[in-house]
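One structure is given here, and the rest of the page talks about it.
Every number here is computed from the coordinates shown, using simple stated rules; none is lab data. In this text the structure is predicted, and so the values were computed from the model without any measurement. Because the Cβ atoms are built from the backbone with ideal geometry, glycine has one as well, and the counts that use them run over all protein chains shown.
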Amino acid sequence: MKASYAVNERIARIIKERGIRCAHVAKMSGLTNSDVYRITRNERPVYAEEIIPIAEALNVGLNELVPTTKTA
């Protein structure tokens, strides 16, 4: 099964669009620079416990990071 990196791709897009450095996200979220760098390059998944701190560091809501599916 191939891993989905939709959250990673959203994080990378927001960082790029806002001109934020990975080091800033790392410092504000409590992750290492290496972790944030690897997340933005789809080299490792974002773990559940990291999503909220990353969202807070980026000043975005969870709905901007976590893909949702619509149900009828």
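Label separation (S34 vs E49): 1.8 nm, computed from points 7 Å beyond Cα along the C-beta direction. When the GluC sites (Glu not before Pro) in the range 23-66 are filtered for DSSP coil states and for at most 16 other beta-carbon atoms within 10 Å of their beta-carbon, the remaining sites are E43.
Among the trypsin sites (Lys or Arg not before Pro) found in the range 1-48, those both in a DSSP coil and sparsely packed, with 14 or fewer other Cβ atoms within 10 Å of their Cβ, are K2, R21, R41. Between A23 and V66, full extension at 0.36 nm per residue minus the direct alpha carbon distance yields a gain of 13.3 nm. Charge dipole of the chain (Cα centre as origin; +1 on each Lys and Arg Cβ, -1 on each Asp and Glu Cβ, all else neutral): 260 debye, rounded to the nearest 20. Kirkwood radius and radius of gyration were both taken over the C-alpha atoms of the range 6-65, and their ratio Rg/Rh is 0.89.
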